[in-house]
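The values are calculated or read from the model by the stated rules, or taken from the named source; none is laboratory data. Here the structure is a predicted model, which means the values were calculated and not measured. Cβ atoms come from the backbone with ideal geometry, glycine included; neighbour counts cover every protein chain shown.
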Amino acid sequence: MHGLTGMRIVPHLLAREVRDEWKVERHPIPKKRKQWSVVKHHIDRPGCYQIGNTFYMHPELVEKLKQATTPSNVKWTPRNVYKSTVQGVYYGSSSVTS
């Protein structure tokens, strides 16, 4: 479990968005341009679900979140402790080093 600005994030492989979407599309062949058909699109991608104050997030999204929110001088560590060390200061789930 990770913490990010007070949010609890639990990486889980089953946090996926799986659904089917129906769209009306033209036929791909130009000669049959007047023919329209209903096409089923299956969507299966990483997702995130919130239950209470906890976010269950796919590991791919957790990595994207880490890269988007951490500057170059922050190491991501799953800690929930606030303490000073020789390398830097731990703030919840990340440690700032200089």
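A few remarks follow.
Rundown of residues vs (1) of a type outside the set (Asp, Glu); (2) in a strand (DSSP E or B); (3) surrounded by 12 or more Cβ atoms within 10 Å (Cβ to Cβ); (4) modelled with pLDDT of 90 or more, yes/no style:
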site: Arg8; (1), (2), (3), (4): yes, yes, yes, no
site: Val18; (1), (2), (3), (4): yes, yes, no, yes
site: Arg45; (1), (2), (3), (4): yes, yes, no, yes
site: Glu60; (1), (2), (3), (4): no, no, yes, yes
site: Lys64; (1), (2), (3), (4): yes, no, yes, no
site: Pro78; (1), (2), (3), (4): yes, no, yes, no
site: Val86; (1), (2), (3), (4): yes, no, no, no
site: Tyr90; (1), (2), (3), (4): yes, yes, yes, no
site: Val96; (1), (2), (3), (4): yes, yes, yes, no
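- Filter result (at pLDDT below 85 and of a type in the set (D, E, K, R)) within the range 20-39: Arg26, Lys31, Lys32, Arg33, Lys34
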